[in-house]
1. Under the rule a/c < 1.5 gives rounded, and otherwise a/b versus b/c splits prolate from oblate, where does the stretch 73-191 land using the Cα gyration tensor?
2. Tell me which aspartates and glutamates have Cα within less than 12 Å of Lys126's Cα, excluding those fewer than 8 residues away on the same chain?
3. What shape does the stretch 338-412 take by its C-alpha gyration tensor, where a ≥ b ≥ c are the square roots of the eigenvalues and a/c under 1.5 counts as rounded, a/b above b/c as prolate, and the rest as oblate?
4. What's the extension gain from Asn118 to Thr195 if we count 0.36 nm per residue and subtract their Cα-Cα distance?
5. By how many nm would the segment from Tyr337 to Asp136 lengthen if fully extended, with 0.36 nm per residue of separation less the alpha-carbon distance?
6. Tell me, what HN-Hα J-couplings in whole Hz come from the Karplus equation 6.51 cos²θ - 1.76 cosθ + 1.60 at θ = phi - 60° for each residue of the stretch 207-216, using x for Gly and Pro?
7. Using heavy-atom solvent-accessible surface (probe 1.4 Å) with all chains present, what is the largest-first order of Tyr117, Tyr304?
8. Using Cα positions and a limit of under 17 Å, work out the lysines in reach of Lys73, with same-chain residues fewer than 8 apart set aside.
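The values are calculated or read from the model by the stated rules, or taken from the named source; none is laboratory data. These figures come from a predicted structure and were not determined experimentally. Virtual Cβ from ideal backbone geometry, glycine too; neighbours counted across all protein chains shown. The area values use the complete protein model at the heavy-atom level, side chains included, leaving out ligands, DNA and RNA. Shrake-Rupley method; radii C 1.70, N 1.55, O 1.52, S 1.80 Å.
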Amino acid sequence: MDCYGFIYSFIFVMLFFHAGAFDPLDPTGNITIKWDLLSWTPDGYVAVVTMTNFQMYRHITSPGWTIGWTWAKKEVIWSMVGAQATDQGDCSRFRINIPHCCKRNPTVVDLLPGVPYNQQIANCCKAGVLSSLGQDPSTSVSAFQLSVGLSGTTNKTVRLPKNFTLLGQARGYTCSQATIVNPSVFLSSDGRRKTHAMMTWNVTCTYSQMLASPDPTCCVSMSSFYNSTIVSCPACSCGCQNKNNCVESNSNILSIAGVNTPTTDNTLLLLCTQHMCPVRVHWHVKLNYKDYWRVKIAITNFNYGVNYTQWTLVVQHPNLNNVTQVFSFDYTPVLPYPSTNDSGMFYGIKFYNDVLMEAGPDGNVQSELILKKDMNTFTFHQGWAFPRKVYFNGDECVMPPPDEYPYLPNSAPANWLALSSLMPAILLVVIIRLQL
């Protein structure tokens, strides 16, 4: 490859890499980490760090978030409230007051629920779980407080940390450098007094599915009432390199060592399937009425190592602008742009089916939805009744090839489907007339 070819290839790879972090259905989605310096201390400052999940349908579940950074100088963390550093580091140079963490690149995790009140602040201690903004805004924020020493003591001498990292249940977040912004404003409890942070900086972390996993994590299968064909997920949708670690359906899973934990090569233990995906979403066109049509959605977990808590399912379909009723799931429209209304998020009802259990008899959740027809656009021809894109927990699922979608029988008249819902009434009229 000549020099120009290398340059073009490099530019293409960088553009593709960058594009992987952009989600067209959630163009402004990110996790923002905000540092508010509340007061100065003799050798540093006290700050509150707030993480806000602005992603509409992507969340962080157990084992929770982990954030890290590199200090610009030789800072230490004297104390923390609402979180803890995972490693204290070498603090041997301190004789009397021993810092909470002396590492140059600390790693911080949230505290578990139930810690004593003197170790808590608002929005802390949720085991690092962050709900998506669209699912539950009240639990999409996490915070902790830290006292930093051996740093600057004014906004002109403080040096911002760098090389921020954010880990969730999957590796896929890339964080920007810290940027100084306008100081945050706080209201007193009675709302009559404002106070200002001494200094505020933000870090923005965005998610890329390509970084999180080399293979997709879910796939889509399809069926319909007007065709007996069941369109399965494409073969090896999520890669077949882990087939040696999968479990046959007739195996006694309880006797297999390593269930509920990753295998030795860090590959999750899956039920053996043709597609080898941890999650399958099935879309079934169930019924056709005069003014409405009905769809059944089933999500199946083939992963023996994970319970998907607070799962989300995003579907893109032009008729989602006329959703009339959803059974068993909660639903909220996803409106990334003012001119479009073709996407929606489904998620489990709290304390009912918000946990998608690991592979087994209970490893599935189901729902049905009724959609009102727009007669100007509605059709069952050419796969129109099936979704354009499907996302599970924010990751795009593999769709079957369009030419394999269930098709209308060639022998059916053009208006057969429209009349199918009227057949019982027509038969009743015929019977009455015959009786007369």
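1. Working: a/c = 1.40, a/b = 1.33, b/c = 1.06.
The shape class here is rounded.
2. Asp110
3. Working: a/c = 1.99, a/b = 1.57, b/c = 1.27.
Here the stretch 338-412 falls in the prolate category.
4. On the way: separation 77, 0.36 × 77 = 27.72 nm, distance 2.35 nm.
Once the chain is fully extended between Asn118 and Thr195, it gains 25.4 nm.
5. Numbers: separation 201, 0.36 × 201 = 72.36 nm, distance 2.09 nm.
Length gained between Tyr337 and Asp136: 70.3 nm.
6. Ordered by residue, 3J(HN,Hα) equals 9, 10, 4, 5, 6, 5, 8, x, 10, x Hz.
7. On the way: Tyr117 195, Tyr304 25 Å².
Solvent-accessible surface, decreasing: Tyr117, Tyr304.
8. Counting by Cα, and skipping residues close in sequence, Lys73 has these lysines nearby: Lys103, Lys156, Lys162.
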